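Comments concern the structure below.
Readers should treat all values here as calculations from the given coordinates under stated rules, not as data from a laboratory. Predicted, not measured: the structure shown is a model, and the values here were computed from it. Glycine also receives a Cβ, built like all others from the backbone with ideal geometry; neighbour counts cover every protein chain displayed.
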Amino acid sequence: MHVTSEKTFCFGKFTLDLRRGCLRAGDREVELRPKSFDVLRYLVENAGRLVAKDEIIEAVWPNVTVTDESLTRCVSDIRLALEDADQRLIKTMTRRGYLFTAPVSSGADRVSGENAAPTITRDGVVPPGTPSGARFSLVVLPFVNLSGDPAQDHLSDAITDGLTAYLSRIRDAFVIARGIAMTYKGRAIDVRQIGRELGVRYVLEGSAQHSGSRVRVSAQLIDVDTGAHLWAERFDADHVDLLQTQDDVVTRLARTLQIELTALESSRISRAAAENHGAEDLALAGEAIYLRYGPSRGESEIGFGLCERALAIDPNNVRALGILAERTTTRVTGMQSIDRDADIRCSDELAARALAADPNSYHAHHAKARVLVAQKRADEALIEAERSLRLNPGFIPSYLVLCQANLMLGLPKKAIEHARKVKRLSPPDPYLYVFHTQEALAHIMLHEDDLAVACLQQAVANNPEFPAASGYLVAALALSEKATEAQKQLDRYLSLRDAHVRTIAGWRRMAYSEDPAYLALRERIYEGLRKAGMAEQ
């Protein structure tokens, strides 16, 4: 398929590429939600002119009723992407609209070879036209509506749009713009031909089938070189509220796909000669393990070791910096740090380096959010976690910060809400044990000890090696007057390899908030540990 070249707009160090549907800063793609991209495009196309809010809303959301809040959020996303906190590029004209003030030049797309028919090879050669540094090249084909009712196309199209946007947020991903992918709607498809036409390594295709208030979603990831189906998933979702259904389906698929794509690329890299492995290769392999197992399993240590090797080659590798910061922060928030202050200092340094290397990295903002939790700065942690999720809404680990920070602020019901959302959106997720644990802590705070026991039993079943969940289960069982079970669970906790904190005094040192409700929660935990027989000192 020959794609007609469209304009690119250049301003400062940025290029707004309409053909590929992306914003670039040099060779690096800058993440933007689809609507935020559309707002930026409209402002750039009308640079130097005051554009009224109503005009932008009509252009970006035609025939849809939205509030000013939707536009304000898009402008906030754009300013974050453009590093424009002081409004040098986009000025807010109070009660009037917005003015794009930067000088803009336009010209043909300058990426060489973009219309050539690329060849995809199994050794992982980056296809022509793919931006420098991109490792995951794919297209999300329009999801097929199997209901037979054209009126139901909106959900299939919304899933396609959402996945295209979410997957493009994955670090080093190159995802074909939604407008180009939609040209394949309703056509018989040969995935190998698509690979040659679009220069991608993977094709994602899927369908949605409605039955009453339920919708069955199926998706398959295909290797365009071999035609092999690399991954497939099918699940049912409620279809009561369109936006909620779209969010649930897209987040679940995006999270699972990030895990699968990272593992596939890591496996491909590992087949190459070891001496050819660069810092990003090693960091990607480390992330594949991190995403597959989370930060608190024995297998995770292999991933951390790969990230350390990556930093030895490139001290500014953002992926490795973020993952290693997670390791030391987890020791603190997971109640198992031998030297709390040293671990926090290490995490803080790693997160700061990650943010300095790439201010638009969701890895970096998540790492910073986790450090802020350990530093007892809940309000700031919430802000950083929300930034991470704006950059990649499918990055489930950042929801952990939302749970922790709300518990630190004495808001257990909000913590339960976030934990249950993750369990709904990503039921097979390797991080489930931490969300079972966070919900359990909220129940202990609410004096709902039996519910806490149930959650912690699920957490321990999901990851028997996680000391925090095992220790909290000791306390919850004792608080529920299950003395014998609590004593047996204490023995299991003390037998864990990573259970470094073995006294109530040690647990006291791990608290990370001064909020009265949080401190009351901690006292209940100490009471339970004491009743089960844990030593004071």
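Okay, here's what the table says:
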item: With 10 Å bins from 0: P(r) over the chain, alpha-carbon pairs, percent; result: 4, 17, 26, 26, 17, 8, 2, 0
item: Most positive-pole-ward Cα, Ala476, Ala454, Gly278, against dipole of the chain from beta carbon charges; result: Gly278
item: Residue (of Ser495, Cys10, Leu167) at the positive-pole extreme of the chain, dipole from beta-carbon charges; result: Cys10
item: The stretch 144-244: relative contact order as a whole-number percent, Cα under 8 Å and 6+ apart; result: 23
item: Integer Hz, Karplus 6.51/-1.76/1.60 couplings in order for the stretch 201-214, x for Gly and Pro; result: 8, 10, 10, 10, 10, x, 8, 9, 10, 8, 8, x, 8, 10
item: Out-of-range pairs (alpha-carbon distance over 23 Å; input Lys423/Lys482; Lys368/Lys414; Lys53/Lys185; Lys376/Lys423); result: Lys423/Lys482; Lys53/Lys185; Lys376/Lys423
item: Evaluated at q = 0.09, 0.11, 0.15 Å⁻¹: base-10 log I(q)/I(0), Debye formula over Cα of the stretch 136-270; result: -0.24, -0.36, -0.68
item: C-alpha long axis of helix 378-391 to longest principal axis of the chain, angle in °; result: 30
item: Sites matching trypsin sites (Lys or Arg not before Pro) across the stretch 405-434 that sit in DSSP coil, with at most 11 neighbouring C-beta atoms within 10 Å; result: none
item: Volume of the Cα convex hull of the stretch 219-268, divided per residue and given in Å³; result: 74
item: The chain, dipole about Cα centre (Lys/Arg Cβ +1, Asp/Glu Cβ -1), debye to the nearest 20; result: 300
item: The stretch 280-357: GluC sites (Glu not before Pro) falling in loop per DSSP and having at most 15 other Cβ within 10 Å; result: Glu299
item: Bins of 10 Å from zero: percent of alpha-carbon pairs in the stretch 401-537; result: 14, 46, 35, 5, 0
item: Total formal charge among the other residues, if their Cβ is under 12 angstrom from that of Pro427, Lys/Arg +1 and Asp/Glu -1; result: +2
item: nm² value of the averaged projected area, convex hull over the Cα atoms of the stretch 8-71; result: 4.8
item: Between the stretch 1-75 and the stretch 188-260, the alpha-carbon center distance in angstrom; result: 26
item: Net charge, Ile416 excluded, C-beta distance under 14 Å - Lys, Arg +1, Asp, Glu -1; result: +3
item: With Cα atoms, 0 to 90° folded angle of helix 242-270 axis to the chain main axis; result: 90
item: Neighbourhood charge, 12 Å Cβ-Cβ cut-off, centred on Lys53 and excluding it, Lys, Arg +1 and Asp, Glu -1; result: -3
item: Cα shape, the stretch 223-364, gyration tensor, a/c 1.5 rule; result: oblate
item: With Cα atoms, 0 to 90° folded angle of helix 300-313 axis to the chain main axis; result: 50
item: Whole-number percent relative contact order across the stretch 401-537, with pairs defined as alpha carbons under 8 Å at least 6 apart; result: 24
